[in-house]
Amino acid sequence: MSLKHVKQYYLQIQEQYFQLLADSKDYDEALKGGFIDQAQYDQAQSILSRVKENYERISYIIYLFYQPNRDKKVAKFNKQNKGIHTAMSESNYSKEAILKENEDLLKEFKKLIKEMKK
């Protein structure tokens, strides 16, 4: 898979996410109008959050693709893209957050295995 293919995939995910955001406004209005109940609204919000999670993860990967390799250029890149850099590094999808989440899950998984062997 090349960067070209990753970009195409990203644009597809982005289009789906933006379409879902636009459609979510209809759900807000339907809930206010009494056309749907809270359970249906919550289900729609759950779907939206999963699509948003996918979009934010691939967005972070695209962001990493565009970071320069040299340390001198990384600082300049981050300064030029300060808003994006801040949002990406503070999100739940930053490299550090994903690695920590995976470490926690791995510990939990190993704990489950130990409990099963008892």
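Just so it is clear, none of the values below were taken in a lab; they were calculated from the coordinates. Not measured: the values here are computed from a predicted model. We place every Cβ from the backbone using ideal geometry, glycine too, and count neighbours over all the protein chains shown.
Points worth noting:
- Among 20-31, 103-114, the peptide with the highest mean count of other Cβ atoms within 10 Å heads the list, and the full ranking is 20-31, 103-114.
- Extension gain from A30 to R57, taking 0.36 nm per residue of separation minus the Cα-Cα distance: 6.8 nm
- Residue-span extension gain [L64 to K114] - 0.36 nm each, minus C-alpha spacing: 14.3 nm
- Beyond 28 Å in Cα-Cα separation lie the following of the pairs K4/K73; K7/K32; K7/K76: K7/K32.
- Extension gain for L106 to K72 (0.36 nm times residue separation, less C-alpha to C-alpha distance): 8.8 nm.
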